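The structure appears right after this line, and notes come after that.
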């Protein structure tokens, strides 16, 4: 007898429960870092957290929403500029970061009306143009320093060591929140709809999913996340420079991290960010050769290795750090109580 | 009168934009590939030509005669290997592969030629002009516009009048069905990419002859080409010409009043078309 209700369907396996404990321990370890290591280490780790955030957001957008954007730097820039402007108005920069997320999401809404008119591959270039428009408009505003950029006020009174540790904890906290937020989003109804759209958009629409609405939600969430990342960058660097903050390199980093790590897996951006961060630490002095190496790796991964590191690992072992799907936990020989819920968390 | 001059310059600049956009239009029309390294291949062609002119004593026409067919061949080869592989790997793959290529080409050019802008020396042609009433029309601008129109006519003739062209249209409509009737879609894809790469090499050479180019100039070229395609209407080559000319005219006219807003004005034209006429100025039909 193999009627559907003779199966017990679960989301998490024992291994993922254990790995949650391990992840918790890693998080605690990361929180302790500023007490243990030099300030130079923690300040470079801030960049790692930023990379985790933006790559997770890009993964949500491209890996689950099917929206390949090369214009997410627009929201990094908007988030950063919001912090600068709010600080001028007297808002504490760390609070301003959240306003940055809000501004990014608010501007992403009208942007999505335009960008969503472009299908598939053209969407990618369209978002890039829109990011350029944001940059070109921003440098017209003299009160944020025009093309020169502007310094952040409001954190200068702080002791440098304290400020560095505070930035580190803040970035770590936001990175953890972003990853958990993605996890929660993917397990919600939206996540289910997203997975359906990713697998077959036409069938998903036929099944009653408003695909455009779901994609718009994902686009807004992703913009908000990039806004947070931009805010962290400006809190860390204490100044903003339009060409750097609106640079398409951010998109290149996001894409590289997600492709190497594994697109469509929540774990992918974490692994990819670690790989990218390590390469950056050891190879960045090589300059153009390093960037060429990144490009070649991305090409090879995209063409021959589309599942990335985590995809290959997960397929071999069935191991998932973040259980977002369902799997058969137990198969009974006789039907269990048919009134029992089929799906259980 | 200066306005008239700006208008004429804008139309000629639009010819160059069209030349960049034709290749993008073809590759998307036939294979649904957006080649994000499109502009970078143009710059690569320009720098190879600059290198050839500098290192050998070849005349410019010979360098052009070498570079353009070489790029068509590179295009065919890339399509048969890397692009085909990425087409098989899934819908996102071609975007990511071409984006990676863009990074590789830009940094390879920076490594080989440094960040300094360079120029393809074409002698008198670069600066000579002829008067039409009160305005001076540069020969090289006219050459660009004529080449753009010539490219479109040639491609249209190829698509409509030749057996391979008909096959290309069939493959573009439905590759699987076309394959059933005996079309070798991979070879057709290769030819289409070859045409696109040949066209973009011409565009790159012309750009470097008009003004100096730096290794990272490709991204902006891609964006302009893309805007021309969308403004004109996806899938229509004559639309691409209209799009290219509109973009050139708007940029040049705005530059006449405020040089720092010229590029932004072009972007805004693109966004306006996207908002109010998403099918483009010349409504699309299939290739």
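Descriptive notes on the structure:
- Residue that is surrounded by the fewest Cβ atoms within 10 Å (Cβ to Cβ), among those in region B:265-280 that are more than 7 Å from chain A (Cβ to nearest Cβ) and at pLDDT below 90: B:276
- Residues considered: B:202, B:223. Of these, the only one that is under 28 Å from residue B:81 (Cβ atoms) and surrounded by 24 or more Cβ atoms within 10 Å (Cβ to Cβ) is B:202.
- Whichever residue in region A:247-266 is closer than 11 Å to residue A:73 by Cα and assigned to a helix (DSSP H, G or I) and, among such residues, is nearest to the other protein chains (Cβ to nearest Cβ): A:252
- Counted residues, region B:71-82 - those being free of Cβ contacts under 8 Å to residues at least 40 places away in the same chain and within 19 Å of residue B:109 (Cα to Cα): 0
- Some residue of region B:208-219 being over 17 Å from residue A:121 (Cβ atoms) and within 11 Å of chain A (Cβ to nearest Cβ): yes
- When restricted to residues that are closer than 14 Å to residue B:93 by Cα and either crowded, with 16+ Cβ neighbours inside 10 Å or more than 8 Å from chain B (Cβ to nearest Cβ) (or both), region A:297-314 contains 11.
Every residue, every condition in (1) at pLDDT below 95; (2) surrounded by fewer than 19 Cβ atoms within 10 Å (Cβ to Cβ); (3) more than 14 Å from every other protein chain (Cβ to nearest Cβ); (4) not in a helix (DSSP H, G or I), yes or no:
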position: A:79; (1), (2), (3), (4): no, no, yes, no
position: A:82; (1), (2), (3), (4): no, no, yes, no
position: A:87; (1), (2), (3), (4): yes, no, yes, no
position: A:90; (1), (2), (3), (4): yes, yes, yes, yes
position: A:100; (1), (2), (3), (4): no, no, yes, no
position: A:103; (1), (2), (3), (4): no, no, yes, no
position: A:108; (1), (2), (3), (4): no, no, yes, no
position: A:117; (1), (2), (3), (4): yes, yes, no, yes
position: A:124; (1), (2), (3), (4): yes, no, no, no
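- Residues that are within 24 Å of residue B:137 (Cα to Cα) and surrounded by fewer than 24 Cβ atoms within 10 Å (Cβ to Cβ) were ranked within region B:226-244; the one that is modelled with the highest pLDDT is B:242.
- Qualifying residue in region A:61-74 (condition: more than 13 Å from chain B (Cβ to nearest Cβ) and modelled with pLDDT under 95): no
- Of the residues screened, residue A:178 is not one that is buried (at least 21 other Cβ atoms within 10 Å of the Cβ) and under 20 Å from residue A:248 (Cα atoms).
- Residues that are farther than 23 Å from residue A:115 by Cα, away from chain A (no Cβ under 14 Å) and in contact with a helix residue (DSSP H, G or I) (Cβ under 9 Å, 6 or more places away or on another chain) do occur in region B:220-240.
- Identification of helices (runs of 4 or more DSSP H) wholly contained in region B:44-157 with 3 or more residues that are within 14 Å of chain A (Cβ to nearest Cβ) and either exposed (fewer than 14 other Cβ atoms within 10 Å of the Cβ) or modelled with pLDDT under 95 (or both) yields B:84-88, B:93-113.
- Pick from region A:227-246, criterion in contact with a helix residue (DSSP H, G or I) (Cβ under 6 Å, 6 or more places away or on another chain) and outside any helix (DSSP H, G or I), ranking: surrounded by the fewest Cβ atoms within 10 Å (Cβ to Cβ): A:240
- Any hit, region A:273-296, residues being within 10 Å of chain B (Cβ to nearest Cβ) and in contact (Cβ under 8 Å) with a residue 40 or more places away in the chain: yes
The values are calculated or read from the model by the stated rules, or taken from the named source; none is laboratory data. Predicted model, so just to flag it, every value in this text is computed and none were measured. Quick reminder, even Gly has a Cβ in these numbers, built from the backbone with ideal geometry, and neighbours come from all protein chains shown.
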